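First the structure, in the form of structure tokens, and then the observations on it.
The values are calculated or read from the model by the stated rules, or taken from the named source; none is laboratory data. Not measured: the values here are computed from a predicted model. Glycine gets a Cβ as well: all are built from the backbone with ideal geometry, and neighbour counts include every protein chain shown.
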Amino acid sequence: MGQTLTSCTKEIIMSNKINIGLFGYGVVGESLHHVLTHSKTVDAQISKICVKQKNKKRSLSADHFSFDKEEIINDRDINLVVELIDDADEAYTIVKRCLENGKSVVSGNKKMLAHHLEELIKLQEETNTSLLYDASACGSIPIIRNIEEYYDNDLLKSVTGILNGSSNYILSKIFNEGLDYKIALKQAQELGFAESNPSLDVDGFDSLYKLIIIATHALGTYVEPHKVFNYGISNISLDDIQYAREKNLKIKLVAQVLKLDQESFTMFVIPRLVRPDKYIYNVEDEYNGVVIQGEFYDKQFMFGKGAGGYPTGSAVLSDITARSHNYKYEYKKKKYFKQLEYRTDHEIEVYLRYRNIVDFSHFDFENISEKYSGRNTSYVVGTIKLSNLLKIKSILPKLDVFLAYIKN
């Protein structure tokens, strides 16, 4: 009897073994290989790695790599695909094909997910597969799974946070060490926190994509990226930094999804003037910080590294481990609660710095409470609707202005 039990146990263990097909072997992919090699929590191995560049020098021998995605997609022995590539369009093709072929997927591509999440949710149901992507939202912070499992009721009021480690590193260096924006950006790039083309990070798109993913789980409604206002830090100037310092504030790039009432919500990404008594005031360098607010539990704060190979690789490993236990997202808010209406008529109070009246004329303020006009720079403080900001979203980076949200 004991021998039979032992044999059965071995069969169960073998059946739970995960053979991974990995797409991408950049900073995160290589870090995942390292943490997976040293992990004792999951019976998993990387069987094949698909990459694009044949002649690139890598830490593993050439026989580990493939250059044909079909070798992973059609390999019946591979039961989990991990997608860690930069190209969002190619990532979408890979993820969709794998799900259609009955393979569950772990993805870190927040841009791809933000644009196709609704379709991929439906595809999971049709194919009885699982798509996990906690690593896509906040680096090492397990925000998606926490919202899914702990905040799975309708009491959640808002999720507010610093979701991009690259821009936060830059702002930390500006405010704490007095570095120029361009020098701080160069440091972030040298450390691997920001890409050679940093627009995704510093212009708020990375935070936007993460926010859309978070909002789908937090409130159950998917919103297309182009319908959400996002604005970044690339136009920040010494005048803006001085304004913040004079008022004992810091500037942080903050994303927020906010329930307006029981029927509706809004969301946006914008630099924020933050007071010292706020949790995110002390979130520095490449770290992320997320504040979850609810009806009766008030505020809860989550903190962790949001950039870098090992933090993200560890988050991917967590998704792999979860999948080894047959975990899948249930999308509880989407399935079991009334769908909320997304609105952009919400008014926010902002600080707007500008240098010429032509740039200022693009902004349709509801009211202005403070105004300063100087020889070289001017600013106003007033309220404006998100819908008005959305109308000029595409031209904002071209204007000599800086916009920051003021939250009392």
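Laid out as a table, the results:
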{"read-out": "Filtered residue count, segment 361-408, keeping only those that are without any contact (Cβ under 8 Å) to a residue 40 or more places away in the chain, touching a helix residue (DSSP H, G or I) at 6+ places or on another chain (Cβ under 8 Å) and not in a loop (DSSP other than H, G, I, E, B)", "value": "2"}
{"read-out": "Residue list for segment 50-77, restricted to those being closer than 12 Å to Ile20 by Cα, outside any helix (DSSP H, G or I) and not acidic (Asp, Glu)", "value": "Cys50, Arg76"}
{"read-out": "Residue in segment 154-173 that is outside any helix (DSSP H, G or I), hydrophobic (A, V, I, L, M, F, W, C) and surrounded by fewer than 18 Cβ atoms within 10 Å (Cβ to Cβ) present", "value": "yes"}
{"read-out": "Elements of type helices (runs of 4 or more DSSP H) contained in segment 183-246, each with 3 or more residues being under 16 Å from the mean Cα position of the chain (by Cα) and touching a residue at least 12 places away in the same chain (Cβ under 8 Å)", "value": "199-202, 205-218"}
{"read-out": "Unique match (being under 19 Å from Ser140 (Cβ atoms), modelled with pLDDT of 90 or more and touching a Leu at 6+ places or on another chain (Cβ under 9 Å)) among Val316, Val380, Val274, Val350", "value": "Val316"}
{"read-out": "Test result for Tyr133, over 17 Å from the mean Cα position of the chain (by Cα) and within 30 Å of Glu295 (Cβ to Cβ)", "value": "no"}
{"read-out": "Inter-residue pairs, beta-carbon under 6 Å, first over 10 Å from Ser158 (Cα atoms) and in segment 292-303, second surrounded by 13 or more Cβ atoms within 10 Å (Cβ to Cβ), 6+ apart", "value": "Gln300/Ile292; Phe301/Tyr279; Phe301/Val291; Met302/Ile141; Met302/Val290; Phe303/Gly289"}
{"read-out": "Scope segment 330-372; condition in contact with a strand residue (DSSP E or B) (Cβ under 7 Å, 6 or more places away or on another chain) and aromatic (Phe, Trp, Tyr); matching residues", "value": "Tyr342, Tyr351, Tyr354, Phe360, Phe363, Phe365, Tyr372"}
{"read-out": "Elements of type strands (runs of 3 or more DSSP E) in segment 263-360, at least 3 residues being buried (at least 16 other Cβ atoms within 10 Å of the Cβ) and more than 22 Å from the chain's Cα centre (by Cα)", "value": "347-354"}
{"read-out": "Those residues of segment 36-69 which are under 19 Å from Gly139 (Cβ atoms) and surrounded by 19 or more Cβ atoms within 10 Å (Cβ to Cβ), in sequence order", "value": "Leu36"}
